Amino acid sequence: MAPDTHPVLGVFASDRGPGDAERASLMSQAGSFLARKGAKLVCIAEDHFVPVPLVNSARTAGGEVTLIADDLYSDLPALTGVTVERLATPEARAARRAALSTLYVALPGSLASAIGLYRAWVKGGGGAARKPVVFYDHSGAFRVVRGYAADIISSSIPSHDHYVQFADSIEDIWNKIAWLIDQGATAI
């Protein structure tokens, strides 16, 4: 990947993250690392959930973050300067995140973040849209999905690795992103 390439990452983080020390730490590490690499992050803020650790760490590292928010979102002093786009429906927010994103990064999360990922992937055009997903499989968080990809998807979809990748560390997320871009798996 060229040094001047700056992918836009639709990041899916747990809606329980800020209240959970481990997930908050993962969000902070990911936000900081990805921003230092030059990625721009796009996140959803809805139902009074804002991935504050992710956004703050990315901004502190000099990164650009866009929040796509619902009508319940109120500006937080800690997030001054973050671009906020307000859209009324979950479908509209998912479609907007999909439109802005080059590819998706799934951090260990909750059922709500998994639903959000699926919704964005569908609204973004599915596999034909060339927006692969990099799952951060911290402590086996995506073990089932990884097994499904290895057993089912790999034998039924040619070049399945251009649609889904699994990272074992924060640094490996970037390695997978760079590989997907170099392989032409995503339009950038």
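The values are calculated or read from the model by the stated rules, or taken from the named source; none is laboratory data. Quantities reported herein were computed from a predicted structural model and do not represent experimental measurements. All Cβ positions, glycine included, derive from the backbone under ideal geometry; neighbour counts span all protein chains shown.
Being part of a loop (DSSP other than H, G, I, E, B) and more than 23 Å from Arg23 (Cα to Cα) is the filter here; which residues of segment 81-100 pass it? So that I can check it myself, show each step before the final result.
First pass over segment 81-100, keeping only residues part of a loop (DSSP other than H, G, I, E, B): 81-82, 87-89.
Residues satisfying the conditions are Gly81, Leu87, Ala88, Thr89.
Taking segment 1-25, which residues are at pLDDT below 95, of a type outside the set (Gly, Ala, Ser) and buried (at least 22 other Cβ atoms within 10 Å of the Cβ)? Can you show your working first?
Just the residues of segment 1-25 that are at pLDDT below 95, to begin with: 1-6, 12-25.
If we keep only those that are of a type outside the set (Gly, Ala, Ser) as well, we get 1, 3-6, 12, 15-16, 18, 20, 22-23.
Result: Phe12, Asp15, Arg23.
Just the residues that are within 19 Å of His6 (Cβ to Cβ) and either assigned to a loop (DSSP other than H, G, I, E, B) or modelled with pLDDT under 95 (or both), please, taken from segment 61-80.
Within segment 61-80, Ala61, Gly62, Gly63, Glu64 qualify.
I need the full set of residues from segment 101-115 which are out of contact with any Asp or Glu (no Cβ under 7 Å at 6 or more places or on another chain), under 22 Å from Asp20 (Cβ atoms) and surrounded by fewer than 24 Cβ atoms within 10 Å (Cβ to Cβ), in order please.
Pro108, Leu111, Ala114, Ile115
Can you name the number of the only condition in (1) charged (D, E, K, R); (2) surrounded by fewer than 22 Cβ atoms within 10 Å (Cβ to Cβ); (3) not in a helix (DSSP H, G or I) that Asp161 fails?
Unmet condition: (3).
Of the conditions (1) modelled with pLDDT under 95; (2) surrounded by fewer than 16 Cβ atoms within 10 Å (Cβ to Cβ), Val50 fails just one. Which one is it?
The failed condition is (2).
Any chance you could count how many residues in segment 153-177 are in contact with a Ser or Thr (Cβ under 7 Å, 6 or more places away or on another chain) and at positive phi?
Looking only at segment 153-177, we keep the residues that are in contact with a Ser or Thr (Cβ under 7 Å, 6 or more places away or on another chain), and these are 160.
From what's left, at positive phi: none.
Looking only at that region, the number is 0.
What's the number of the only condition in (1) over 18 Å from Gly81 (Cα atoms); (2) surrounded by fewer than 23 Cβ atoms within 10 Å (Cβ to Cβ); (3) small (Gly, Ala, Ser) that Ser32 fails to meet?
It fails just one condition, (1).
Taking Ile173, is it under 16 Å from Leu26 (Cα atoms), part of a helix (DSSP H, G or I), among the aliphatic types (A, V, I, L, M) and within 16 Å of the chain's Cα centre (by Cα)?
yes
Hey, does segment 116-126 have a residue that's more than 18 Å from Lys176 (Cβ to Cβ), surrounded by 18 or more Cβ atoms within 10 Å (Cβ to Cβ) and of a type outside the set (Gly, Ala, Ser)?
Yes, some residue in segment 116-126 is more than 18 Å from Lys176 (Cβ to Cβ), surrounded by 18 or more Cβ atoms within 10 Å (Cβ to Cβ) and of a type outside the set (Gly, Ala, Ser).
In segment 144-158, which residue that is surrounded by 12 or more Cβ atoms within 10 Å (Cβ to Cβ) and in a helix (DSSP H, G or I) is modelled with the lowest pLDDT?
Going residue by residue through segment 144-158, those that are surrounded by 12 or more Cβ atoms within 10 Å (Cβ to Cβ) are 145-146, 148-150, 153-154, 157.
Add one more test, that the residue is in a helix (DSSP H, G or I), and what stays is 145-146, 148-150, 153-154.
Working: Val145: 84, Arg146: 82, Tyr148: 79, Ala149: 81, Ala150: 83, Ile153: 75, Ser154: 78.
Across segment 144-158, the extreme among qualifying residues is Ile153.
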